[in-house]
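Working notes, structure below.
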Amino acid sequence: MARIIIRMTHAPYGNAFAAEGLDFAFAATNYGHEAVLLFEGEGVLQLKAGQQPLPGEKNQFKRLKAAPLFDVEEIYVCVESRNAWELSDQELQVDCQCVNTTALLQLLRNADHVVTF
Amino acid sequence: MLRRTVLVTQAPYDQQGARHALEYSRASLATQPASVACIFFYQQGVYNANQLLSPPTDEFNLYQQWCDLHKEFGVRLLVCITASIRRGIISASEANSQNLSQFSLAEPFEQVGLGEFFTLLHDTDRLVQF
């Protein structure tokens, strides 16, 4: 079993990174690994409540809310990115922990593998 | 010996990562055969498996290089089936089951689920992403 940190660095929609990053995380836990999500840069926008994707697009926010059902329980947000994108507490509706750069680097150091989307 | 899995998420030609992945894998395998457990193509990396890729003859042929790598070292070239099919990278059997008249993926590339990758990952020391 490996502890995999999955860095989410892109905003949802308009690209495949957010959706496929989450597919990757859910498959990881499904096959006996530990998947940890880390939102950095514009990736923090995936955590924003009130998303209205186009028909035929999966709602990334709803999928993230359901992450614990897929055994993805550790979700971290880079606090600097969160501030840069001015995500308020009302907007940040996903259960997650804000981390500063030091804590973020420690997270990466403690992981077995790191994958970036 | 460190066992590596190489994860390719970049497309050929339009991006550089796939070529770097090839060169890295080749260097690793040349030094220690079996040091790369498999090469897994995900996201835009699935485009590497397109057998119809036809660069000019005086340009680098990445598709051919992947095939040569497999031929020389036996390293498995695994393509995420969900990610590839939605991008039109599809084997003959899958194309058939979807009533598509053409197909784009063939041996030595294999279309598998993400599960295959994560199963192999249990026996891997390092995951290297390009």
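The values are calculated or read from the model by the stated rules, or taken from the named source; none is laboratory data. What you see is a predicted model, and the numbers here were worked out from it, not measured in a lab. Neighbour counts run over all protein chains shown; Cβ positions are idealised from the backbone, glycine included.
The residue that is farthest from B:THR124 (Cα to Cα), among those in segment A:2-15 that are within 10 Å of another protein chain (Cβ to nearest Cβ) and either touching a Lys or Arg at 6+ places or on another chain (Cβ under 9 Å) or surrounded by fewer than 19 Cβ atoms within 10 Å (Cβ to Cβ) (or both), is A:ASN15. Report yes if A:LEU87 is outside any helix (DSSP H, G or I) and either surrounded by 14 or more Cβ atoms within 10 Å (Cβ to Cβ) or touching a Gly at 6+ places or on another chain (Cβ under 7 Å) (or both), otherwise no. So A:LEU87 passes the test.
Please enumerate the residues belonging to segment A:19-55 that are part of a helix (DSSP H, G or I) and either hydroxyl-bearing (Ser, Thr, Tyr) or away from chain B (no Cβ under 14 Å) (or both). Show your work before the answer.
We begin by selecting, within segment A:19-55, every residue part of a helix (DSSP H, G or I); these are A:19-30, A:41-47.
Within segment A:19-55, A:THR29, A:GLY41, A:GLU42, A:GLY43, A:VAL44, A:LEU45, A:GLN46, A:LEU47 meet the criteria.
Is there a residue in segment B:34-41 that is loosely packed, with under 15 Cβ neighbours inside 10 Å and modelled with pLDDT under 95? Yes, segment B:34-41 has at least one match. Of the residues making up segment B:76-87, one or more are assigned to a loop (DSSP other than H, G, I, E, B) and farther than 23 Å from B:HIS20 by Cβ.
Among the residues of segment B:105-121, which ones are of a type outside the set (Phe, Trp, Tyr), surrounded by 21 or more Cβ atoms within 10 Å (Cβ to Cβ) and more than 11 Å from the chain's Cα centre (by Cα)?
In the first step, residues of segment B:105-121 are kept if they are of a type outside the set (Phe, Trp, Tyr); the result is B:105-108, B:110-116, B:119-121.
Keeping just the survivors that are surrounded by 21 or more Cβ atoms within 10 Å (Cβ to Cβ) gives B:105, B:111, B:114, B:121.
B:LEU114, B:LEU121 - these are the residues of segment B:105-121 that are of a type outside the set (Phe, Trp, Tyr), surrounded by 21 or more Cβ atoms within 10 Å (Cβ to Cβ) and more than 11 Å from the chain's Cα centre (by Cα).
How many residues, within segment B:88-126, are within 13 Å of chain A (Cβ to nearest Cβ) and not in a helix (DSSP H, G or I)? Counting residues in segment B:88-126 that are within 13 Å of chain A (Cβ to nearest Cβ) and not in a helix (DSSP H, G or I) gives 7.
Of the numbered criteria (1) buried (at least 18 other Cβ atoms within 10 Å of the Cβ); (2) touching a residue at least 60 places away in the same chain (Cβ under 8 Å); (3) of a type in the set (S, T, N, Q), the one A:ASN110 fails is (1).
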